[in-house]
Protein chains: 2
Amino acid sequence: MKSVGLVVEYNPFHNGHLYHLQASKEKAEADAVIAVMSGHFLQRGEPALVSKWSRAKMALQQGADLVIELPYAFATQKAEIFAEGAISILEALKCDSVCFGSENGDISPFLETAETLKELDSDYQDAIKYYMKQGISYPSAQTKAYQSLNTGGHTLDLSLPNNILGYQYVKAIQKQGAAISPLTIKRTAAGYHDEEFNETPIASATSIRKAIFSEENKDIQSFVPETSLYHLKQYKDNFDTFHQWEDYFGFLKYTICTMTHDELKQIYEVEEGLENRIKSLIQQASSFKDFMEQLKTKRYTWTRLQRLCLHILTRTTKEQMKLEEAAAPYLRLLGMSSQGRTYLNRIKKAVDKPIVSTLSAFSHPLLNLDIKAASVYAMIFPEPIRSQFMHSEYSTRPVQYDEKEKLFL
Amino acid sequence: MKSVGLVVEYNPFHNGHLYHLQASKEKAEADAVIAVMSGHFLQRGEPALVSKWSRAKMALQQGADLVIELPYAFATQKAEIFAEGAISILEALKCDSVCFGSENGDISPFLETAETLKELDSDYQDAIKYYMKQGISYPSAQTKAYQSLNTGGHTLDLSLPNNILGYQYVKAIQKQGAAISPLTIKRTAAGYHDEEFNETPIASATSIRKAIFSEENKDIQSFVPETSLYHLKQYKDNFDTFHQWEDYFGFLKYTICTMTHDELKQIYEVEEGLENRIKSLIQQASSFKDFMEQLKTKRYTWTRLQRLCLHILTRTTKEQMKLEEAAAPYLRLLGMSSQGRTYLNRIKKAVDKPIVSTLSAFSHPLLNLDIKAASVYAMIFPEPIRSQFMHSEYSTRPVQYDEKEKLFL
C-alpha cells in the first residue's frame, strides 16, 4: 500500500488543492494520501478562517485519507523548521513520497539546489550574515546570498514561497535521512499570493479569503469544491464568524499592555530590542493592520512580524519553543477515511511515535502549545460557545469519513 | 488652614458620601477636605463604574478640595495595607485629621481596640493562625481570634467592614507615628452592603450600583447628587458602558488560558496551589460569576478571590507588589478646587513626596501599575475609544474646579 504525503493548510480547501491532491496521488502511484495540516494558526502567523476540524473534513471529502495536525511549534515557523516538522511526521507514518507544487514541475533543480547549498553551506551562511548586516530581512538575505554563490547555473528562484518550501522539504529529507521520495507537480494558473480572481477555476487561497471578507460578497463557488462551501457555511452558521487577525487585536493589545518589557523579551521571536518598539507602538494603534504597518521595517518581513504577534497572542516563550530535535514528537490524528484507517492499521506497529486520538490519553509540552493555541483561537467567541469550543478540543475524536458512502461516521 | 482627610471610593458619589464629607468637615473644623480615592479598580477587586476622572469630578463638585489617587498597590489590598497607603498619603499632605464613618460614632472603642491588640498582639496572631488552620477565611479567623482575647470588655465588632477599616486607620496612624487625629462620625441608615433601597435619601453604593445595572432601570436620583447623575450620564454617553467584572471576563479567561502554572503562581495573591484550581475551573466557566462561584471555598472570601482575579487580569506579580515600605511613594493629584490649590500651595514646601500632576514628569514602578491598571480598564472599549482613553491617561492634567463659580476650569 503506497502513500504520498502533502503538506497543507487548506485555508480553505479549494480547486487548486484538489488538483494538487489528485495529481500528487497519481504521480506517486499512491493508494493513500496523508495530509499534514497546520492547526488553528498558520505559517504566515494568521488564524485559519475556520477550525482545523472543519478543514480536516473538507480534506477528507476531497480525497485525503489521513489528516495529521502539524504542531504549533512547527506550523508557525519559518520554512526550514516548518518543513522539518512536516517531513518528520510523514517519515514517522512511513510515507513513500512527499509531493509539492512548483513552478516548472521538475524535481531536479530542487535536488541540485539542496546538493549545492550543502556543499557551499559555509559560504552561503556567511553571505546571509553579510546581507543581514545591511539591514534587510532574512528571506531577502537568503535570496541574495543564494544568487551570490557560484551554483553552476542552477536557476531555482528561492524568492518564490513555493520554491523555498520545496527546497526545505528536500533538505529536511536529506537531513533526517528519511526514506521519502520528493516529488513535485507543476502548479497551475494562480500564484501563491494572487489577490484577484482570474478566469480559470483555480484561484489562490489568498484571493478566496479576500473574497470571503470582502463587503461585496464576491462569489467563491467557482473556485472551491461544494464540500468546502458547505463547511464554510456551516462554520459561519455555528460560530457566526470567519477568523481573522483583527478579531484578536484586543487580546494582543491587552497582552502587550500588561506584560513587562522583560516578559515580552521572553516571547519567541522577540529579539534585538523589538520589545521596546512593540510596547510603545501598541498604545496608539487602533487596529491590527495599523499596528503592523507601524511595526514594519526593512529588517523584518510582514510574515515574520505577524508570527511574532501570534506568539505574543498565545504567550509562547522562547523556552516553550525550544525543540529538543527538529521532529514532531507525536502524531495528532484529526481525521481519516476508511482507506486511511486501513493504512494506519497496516503501519501501526512500525510507528515509533505516539498517535494521539484524544487529548486525555497523552501529554507533551508541545501538545500543550497546541491546546493553548486552540483556546486562544476560541477566545473571540461569546460564552457559552467559547467554553463549548474549548471543551470540544479535549473531547473531539478524530473525524471518520466513509469515502464509499460519502458519509461522516 | 485645617484639613480633614477622607478615604473613599465614590463608586459612585452618593448622598451618604455627601453627608460623610460635610459632617467630617464640620467635626474636624476643617477648611479643606482631602479625599484619597481608589483609581479604576477598587478594594473589593472590582472595576469602578466609571473612570477615576469622572469620580474625581463628582467629589469636587460636592465639596472635596483635593482628590488624590490611592495607588493600585494599596487600593486593591486587604484593609491593613489599604489603610496604611491611605494614611501615608494624608500624612504626607499634612492632614490634621482623618474621619471615617462608624456604627456608633464614638472613636474611643477604636483607640482602645488598637491599644489592646497592640498589647495582646502575639496572642492575637497565634489565635488567627489557630483558626486559619481550621480552614476558614482570614477575616473570619481575625474575628474569632479577636473574640477569643481577653479584651477587658471592648465591644468593637471587627466583623463589620467599616469597623475593620476604622481600626486599621487608627493602627496605621500609630504605626506610622502620623500627626493625624482619627475622628469618626455616626453612619446613617444604609448598611455597607445593603442591596435594596429603603425610604431615606441615603442608600449604599452597592444598592445604587445594583439599580444602575438592573434591567428594570430603577431610578437612583433620590440617592445621588445631581452632579453624580450628570457625570454618570456623560460617561455612559461617551463610553457607552458602566464597567463591571463580566465585561472583563474574556480577558481574564484568555490570560489564565495562556499563562503557565508557574506564571500564574507568580501572580500576587495566588497561593497554596490555587493556580491549579484556577487553571482547571476556567475552562468550563461561562461567566465571571460562574467562575467565582466555582472557585469559592470556605477558605477564601469572595473579596479575596475577586482581588486575586483582578491581579491576574492586570498581570500583577508578587514581585511587582513588593512594597519597600507601607507608604505611598508619590501623590497623584486627580483634581482640586480653588481651596485645594490654596491648601497645596501652603504646604507644598513641607511635602516630602513628589506630587504627580502629569505622568510624563515622573516615573516609579508603582505608578507603572496604575498606568497598567488604566490600560486594562480601557480594554473593553472598541477602537478608537480604547486608544483615546489610554492616551488621556498620559495627558490628562488634574481636574480644576472653581467652587465659587461652580465651573471646571
Please verify whether the range A:317-331 includes one or more residues that are among the aromatic types (Phe, Trp, Tyr), part of a loop (DSSP other than H, G, I, E, B) and either within 14 Å of chain B (Cβ to nearest Cβ) or surrounded by fewer than 14 Cβ atoms within 10 Å (Cβ to Cβ) (or both).
no
Note on the range A:219-243: residues outside any loop (DSSP other than H, G, I, E, B) and over 24 Å from the mean Cα position of the chain (by Cα) are A:237, A:238
Sort through B:21, B:49, B:6 and tell me the only one that's assigned to a loop (DSSP other than H, G, I, E, B), under 22 Å from residue B:229 (Cβ atoms) and of a type in the set (A, V, I, L, M, F, W, C).
B:49
Is at least one residue of the range B:338-354 within 12 Å of chain A (Cβ to nearest Cβ) and open to solvent by 20 Å² or more (accessible area, probe 1.4 Å)?
no
May I ask you to list the residues in the range A:353-374 that are out of contact with any strand residue (DSSP E or B) (no Cβ under 6 Å at 6 or more places or on another chain) and not in a helix (DSSP H, G or I)?
A:354, A:358, A:363, A:364
Every residue in the range A:372-402 that is open to solvent by less than 30 Å² (accessible area, probe 1.4 Å), over 20 Å from residue A:336 (Cα atoms) and at the interface with chain B (Cβ under 10 Å from one of its Cβ atoms), please.
A:372, A:373, A:374, A:375, A:376, A:378, A:379, A:381, A:386, A:387, A:390
Run residue A:136 past the list (1) part of a loop (DSSP other than H, G, I, E, B); (2) closer than 30 Å to residue A:29 by Cβ; (3) more than 21 Å from the chain's Cα centre (by Cα) and report the number of the one that doesn't hold.
(2)
Output yes when any residue across the range A:287-304 is among the aliphatic types (A, V, I, L, M), over 30 Å from residue A:407 (Cβ atoms), touching a residue at least 12 places away in the same chain (Cβ under 8 Å) and in contact with an Asp or Glu (Cβ under 6 Å, 6 or more places away or on another chain), and no when none is.
no
For residue B:357, which of the numbered conditions (1) at pLDDT 95 or above; (2) assigned by TED's automatic domain parsing to the domain that holds residue B:81; (3) of a type outside the set (D, E, K, R); (4) open to solvent by less than 50 Å² (accessible area, probe 1.4 Å) fails to hold?
(1)
Before we move on, is residue A:117 outside any helix (DSSP H, G or I) and not assigned by TED's automatic domain parsing to the domain that holds residue A:86?
no
Can you tell me how many residues within the range A:72-105 are among the acidic types (Asp, Glu), modelled with pLDDT of 95 or more and surrounded by fewer than 23 Cβ atoms within 10 Å (Cβ to Cβ)?
2
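The values are calculated or read from the model by the stated rules, or taken from the named source; none is laboratory data. Because the structure is predicted, anything quoted here is derived from the model rather than measured. In this analysis, Cβ positions are derived from the backbone assuming ideal geometry, glycine residues included, and neighbour counts consider all displayed protein chains. Protein only, heavy atoms only, side chains kept; ligands, DNA and RNA dropped before computing areas. Shrake-Rupley method; radii C 1.70, N 1.55, O 1.52, S 1.80 Å.
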